[in-house]
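This report concerns only the one structure given below.
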Amino acid sequence: MTTSASPYGQYPITHHVFFWLKNPGSKEDRDKLVEGVKTLAKIETVRELRVGIGADTEARDVIDKSWAVSELMFFSDLAGQTAYQADPIHLEFVKNYSHLWEKVVVYDVVNV
């Protein structure tokens, strides 16, 4: 069930990205990447940005704790998500922070 305060109901496009660090044990690298991801909130078409690290939940077969940083973004439409990809702030982020990660996985979702 959605509520009016939920971004799920307001913003139908979700962009979820998971980053694996080149130096997975480096808290400094993780914190730098978190700092960089947060700069993406300045992009005009990003309606909401949430940045996270893995929660210390119980170990279960269905939980993947191998990634270091997650970004969850919401967009009003596909055009906004497309504009985000070419935005200079996003391109600058990739240029300045890509040396920190070895792998990135993206899930783009349209709410149904």
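The values are calculated or read from the model by the stated rules, or taken from the named source; none is laboratory data. Quantities reported herein were computed from a predicted structural model and do not represent experimental measurements. For neighbour counting, all protein chains shown are included, and Cβ atoms are generated from backbone atoms with ideal geometry for every residue, glycine included.
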> Looking at Ile53, Ile43, which one is within 25 Å of Ser76 (Cβ to Cβ), aliphatic (A, V, I, L, M) and at pLDDT 95 or above?
Replying inline: Ile43
>> Here's a check for you: in segment 38-52, which residue that is among the aliphatic types (A, V, I, L, M) and not in a loop (DSSP other than H, G, I, E, B) is surrounded by the fewest Cβ atoms within 10 Å (Cβ to Cβ)?
In response: Ala41
> Here are Val69, Val112: which of them is without any contact (Cβ under 8 Å) to a residue 40 or more places away in the chain and not hydroxyl-bearing (Ser, Thr, Tyr)?
Replying inline: Val112
> Here are some residues: Glu28, Glu35. Which one is within 15 Å of Ile89 (Cβ to Cβ) and surrounded by fewer than 17 Cβ atoms within 10 Å (Cβ to Cβ)?
Replying inline: Glu35
>> From the list Phe93, Phe75, exactly one residue is of a type in the set (Phe, Trp, Tyr), touching a residue at least 40 places away in the same chain (Cβ under 8 Å), in contact with a Phe, Trp or Tyr (Cβ under 9 Å, 6 or more places away or on another chain) and surrounded by 12 or more Cβ atoms within 10 Å (Cβ to Cβ). Which is it?
In response: Phe75
>> From the list Ser26, Ser76, Ser98, exactly one residue is at pLDDT 95 or above, in contact with a Lys or Arg (Cβ under 8 Å, 6 or more places away or on another chain) and of a type in the set (S, T, N, Q). Which is it?
In response: Ser76
> Which of the residues belonging to segment 55-72 are part of a loop (DSSP other than H, G, I, E, B), out of contact with any Phe, Trp or Tyr (no Cβ under 7 Å at 6 or more places or on another chain) and surrounded by 10 or more Cβ atoms within 10 Å (Cβ to Cβ)?
Replying inline: Ile63, Lys65
>> So Ala83 passes all but one of these: (1) in a strand (DSSP E or B); (2) touching an Asp or Glu at 6+ places or on another chain (Cβ under 9 Å). Which condition number does it fail?
In response: (1)
> Arg60 passes all but one of (1) free of Cβ contacts under 8 Å to residues at least 40 places away in the same chain; (2) closer than 22 Å to Leu33 by Cβ; which number fails?
Replying inline: (2)
>> Among the residues of segment 86-112, what is the count of those that are assigned to a helix (DSSP H, G or I) and under 15 Å from Val37 (Cα atoms)?
In response: 13
